[in-house]
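Okay, so here's the structure we're looking at.
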């Protein structure tokens, strides 16, 4: 039988004195814990935090889109995301901050489409047509977040308009206009038009198609309600060439 030597220090009750074995076991547990912590990759912790944020954003996007901002509580979002309310507030200081983050996340596809639109080695007409198609297809493929964005645009704009412009939509709209303006300077667009109007017409036409496509499908005159790619091509062609006939020589 292995003997255990008690280590006694003056002033410490004997029932609290540790044996050599218990000291060794305690040190071993401590070293194991520290070793495991040291060997845990930093990126794994970051990935876990990132997964939590993604779950929160996904749950919030669905709930906000279905019920609106005012009707959704942080408790409901936490339950839907499978995290604690404290965890939600750890990543987002307020419900409004979370709402803005959801809208920003919903616009991530637009940033990718703008990156393609900004490739100057391709003629602007081709890029504009591709952008019109990809933007509309993104609206259709991501119906939930599209409806969330449209709900936000119909919200009290006098109160939230500046915040939306500065934190969500403004930077992307400015990039769009900047590319059109560069096309003007390169002689690919008329110099006397306002590129902001062109941007609004294209984006607005796509939003209208998204909202009205189920009605448009029952108009005999509309041949493109079930063909968004053709719609986008026709829209870009009208934007680029106008509706007046070419002058005869």
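The criterion of at least 1 residues that are under 24 Å from the mean Cα position of the chain (by Cα), without any contact (Cβ under 8 Å) to a residue 60 or more places away in the chain and within 14 Å of residue 127 (Cα to Cα) is met by the following helices (runs of 4 or more DSSP H) wholly inside the range 165-249: 170-185, 195-216.
Among the residues of the range 64-94, how many are in contact (Cβ under 8 Å) with a residue 24 or more places away in the chain and surrounded by 15 or more Cβ atoms within 10 Å (Cβ to Cβ)? Please lay out each step first, then the result.
First, the residues of the range 64-94 that are in contact (Cβ under 8 Å) with a residue 24 or more places away in the chain: 64-65, 68-69, 74, 81-83, 87-88, 91-92.
Still in the running and surrounded by 15 or more Cβ atoms within 10 Å (Cβ to Cβ): 64-65, 69, 74, 81, 83, 87-88, 91-92.
Looking only at that region, the number is 10.
When we screen 129, 120 for residues that are loosely packed, with under 15 Cβ neighbours inside 10 Å and in contact (Cβ under 8 Å) with a residue 60 or more places away in the chain, the only hit is 120.
When the range 63-84 is filtered for residues that are over 11 Å from residue 99 (Cα atoms), modelled with pLDDT under 90 and either in contact with a strand residue (DSSP E or B) (Cβ under 6 Å, 6 or more places away or on another chain) or assigned to a helix (DSSP H, G or I) (or both), the ones remaining, listed by number, are 66, 67.
The values are calculated or read from the model by the stated rules, or taken from the named source; none is laboratory data. Predicted model only: the values in this text are computed from it and were never measured. So basically every Cβ, Gly included, is an ideal-geometry build from the backbone, and we count neighbours across all protein chains shown.
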